[in-house]
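Asks: The following block contains the structure, expressed as structure tokens.
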Amino acid sequence: MGKSENLLLVEDDREIARVICDHLRKEGYHVTWASTGKEGWEDFKLGTYDLVLVDLMLPEMDGFTLCRTIRLESDVPLLIVSARAEDESKIRGLDLGADDYLTKPFSLEELSARINSHLRRFRRFLHKQQTDTRIRYSHGLTIDFTNEMVYVNETLVVLTAKELDLLFLLAKNPFHTFTKAELYEHIWQQENVDGNNTVTVHIKSLRTKLQDGIRSAKFIQTVWGTGYRFIGELLS
């Protein structure tokens, strides 16, 4: 019987990718293949995936960066498949949020077993999630992550796509300080340059719409000389 899970494979070696894709598709998975880190990130943003397999040595965006970027957005299982066997790479990959690390060469049977194990855990995790996706904070802020809607004192706040992306990224990673460069490169997917005030302008607009004063921040706090972090207090 076929499986319904969607898998994303990010691997620059065409032959290895072909072997893995053929094997997983024979097992009934739907597999999307990306050959660069940047292409993998674009595919991830456009699609809905149940598990992601990432090589480390990728062009355009390396596997470490891709894992970190995906983990900021999602709890999807992340499996690193790499020829790099040193402990430093394994530790770094796991610290960035990867759930597992397979060293090449590996058997296709072992790959299938690891994938099945992580998918089972992920299904249990999803099953435990509350159906009400609205998260409520002190001072009247409510964020509906699933329907991409934001409310202040029960009134819908109209945000631009970039403002919404900024708020969601910050709120999903509370008390984590992002530099302006990190926010720009993650949200706009372009390399930051000196003198770029795009993030500052959008944060200012976002604060105004959230009725969040810079000197008495309730939601988005400026970390002077560094960047911004989300400090909203969850309501129990």
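Since every read-out is calculated from the coordinates, none of them should be taken as a lab result. These figures come from a predicted structure and were not determined experimentally. Cβ atoms come from the backbone with ideal geometry, glycine included; neighbour counts cover every protein chain shown.
Asks: Looking at the range 57-194, what % of the alpha carbon pairs are farther apart than 26 Å? Walk me through the numbers on the way to the answer.
Replies: On the way: 3779 of 9453 pairs.
Summing the P(r) of the range 57-194 above 26 Å gives 40 percent of all pairs.
Asks: Could you go through the range 108-124 in sequence order and give the Karplus-derived ³J(HN,Hα) for each residue, using 6.51 cos²θ - 1.76 cosθ + 1.60 with θ = phi - 60°, rounded to whole Hz, and x for Gly and Pro?
Replies: 5, 5, 5, 4, 4, 5, 5, 4, 4, 5, 6, 5, 4, 5, 5, 5, 5
Asks: Related question: Taking H as built 1.01 Å from N, whose amide H comes closer than 5 Å to the amide H of residue 102, not counting residues under 5 places away?
Replies: Those qualifying (amide H under 5 Å, at least 5 residues apart or on another chain) are 80, 81, 82.
Asks: Would you mind checking which residues have amide H under 5 Å from residue 149's amide H? H placed 1.01 Å from N; only 5 or more apart, or other chain.
Replies: Those qualifying (amide H under 5 Å, at least 5 residues apart or on another chain) are 144.
Asks: Continuing with the same structure: Short version: what are the Cα gyration tensor semi-axes of the chain, square root of 5 times each eigenvalue, largest first, in whole Å? The partial results should precede the final answer.
Replies: Numbers: eigenvalues 253, 87, 44 Å².
For the chain, the ellipsoid semi-axes come out as 36, 21, 15 Å.
Asks: Considering Cα pairs under 8 angstrom that are at least six residues apart, work out the relative contact order of the range 193-236 and quote it in whole percent.
Replies: 21
Asks: Still on this structure: Treating the beta-carbon of each Lys and Arg as +1 and of each Asp and Glu as -1, no other charges, what is the dipole magnitude of the chain about its Cα centre, to the nearest 20 debye?
Replies: On the way: 30 positive and 36 negative charges, 185 e Å.
The calculation lands at about 880 debye.
Asks: Divide by every residue of the chain the summed helix terms, -39500 (n - 2.57) for each DSSP H run of at least 4, and state the resulting mean residue ellipticity at 222 nm, rounded to the nearest 500 deg cm²/dmol.
Replies: Only helices count here, giving -13000 deg cm²/dmol.
Asks: Cα centroids of the range 7-30 and the range 132-156: how far apart, whole angstrom?
Replies: Taking the Cα centre of each part, the range 7-30 and the range 132-156 sit 39 Å apart.
Asks: What ³J(HN,Hα) values, in whole Hz, does the Karplus curve 6.51 cos²θ - 1.76 cosθ + 1.60 give for the range 207-223 when θ = phi - 60°, with x put for Gly and Pro?
Replies: 4, 4, 5, 8, 6, 10, x, 5, 7, 9, 4, 10, 10, 10, 9, 7, 9
Asks: Compute the orientation-averaged projected area for the range 1-110 from the convex hull of its Cα atoms and round it to one decimal in nm². All intermediate terms of the calculation are to be shown ahead of the outcome.
Replies: Numbers: hull surface 25.4 nm².
Convex hull of Cα atoms, orientation-averaged projection: 6.3 nm².
Asks: Taking the range 177-230, which chymotrypsin sites (Phe, Trp or Tyr not before Pro) meet the DSSP loop condition and have no more than 13 other C-beta atoms within 10 Å?
Replies: Details: sites: 178, 184, 188, 219, 224, 228, 230; in loops: 188, 219, 224.
In loop regions of the range 177-230 (DSSP not H, G, I, E or B), the sparsely surrounded chymotrypsin sites (Phe, Trp or Tyr not before Pro) are 224.
Asks: Treating only the Cβ atoms of Lys and Arg (+1) and Asp and Glu (-1) as charged, compute the dipole magnitude of the range 50-175 about its Cα centre; round to the nearest 20 debye.
Replies: Working: 16 positive and 20 negative charges, 80 e Å.
With only Lys, Arg, Asp and Glu charged at Cβ, the dipole is about 380 debye.
Asks: Given +1 on the Cβ of Lys and Arg, -1 on the Cβ of Asp and Glu, and no further charges, what dipole in debye does the range 23-72 carry about its Cα centre, rounded to the nearest 20?
Replies: On the way: 6 positive and 8 negative charges, 24 e Å.
That gives a dipole near 120 debye.
Asks: I would also like to ask the following. Between the range 86-124 and the range 32-53, what is the C-alpha centre distance in whole Å?
Replies: So the two Cα centres are separated by 17 Å.
Asks: Please name which of 34, 103, 7 has its Cα lying farthest along the dipole of the range 1-123 towards the positive end, using unit charges on Cβ (Lys, Arg +1; Asp, Glu -1) and the Cα centre as origin.
Replies: 7
Asks: Let me check I have the definition right: for the range 21-73, take the eigenvalues of the Cα gyration tensor, multiply each by 5, take square roots. What are those semi-axes in whole Å, largest first?
Replies: Working: eigenvalues 77, 32, 17 Å².
Equivalent ellipsoid of the range 21-73: 20, 13, 9 Å, largest first.
Asks: Rounded to whole Hz and in sequence order, give me ³J(HN,Hα) for the range 100-105 from the Karplus expression 6.51 cos²θ - 1.76 cosθ + 1.60, θ = phi - 60°, writing x for Gly and Pro.
Replies: Each residue's phi maps through the Karplus curve to give 7, 9, 10, 9, 6, x Hz.
Asks: Another question, then. Here is the link list: 104/180; 104/162; 162/218; 38/172; 38/209; 180/209. Which ones come out longer than 30 Å on Cα distance?
Replies: Values: 104/180 37 Å; 104/162 39 Å; 162/218 20 Å; 38/172 22 Å; 38/209 32 Å; 180/209 20 Å.
Checking Cα-Cα distances, 104/180; 104/162; 38/209 exceed 30 Å.
Asks: For the residue pair residue 158 and residue 215, what label-to-label distance in nm results when each label sits 7 Å from Cα along the Cα-to-beta-carbon direction?
Replies: 3.1
Asks: Quick one: what do you get for the range 137-227 if you divide its Cα Rg by 2.2 N^0.38 Å?
Replies: Values: Rg = 12.9 Å, N = 91, 2.2 N^0.38 = 12.2 Å.
Cα Rg divided by the expected 2.2 N^0.38 Å: 1.05.
Asks: Here's a follow-up. Name the residue from 143, 198, 115 whose Cα lies farthest towards the positive end of the charge dipole of the range 96-215, charges +1 on Cβ of Lys and Arg and -1 on Cβ of Asp and Glu.
Replies: Farthest towards the positive pole: 143.
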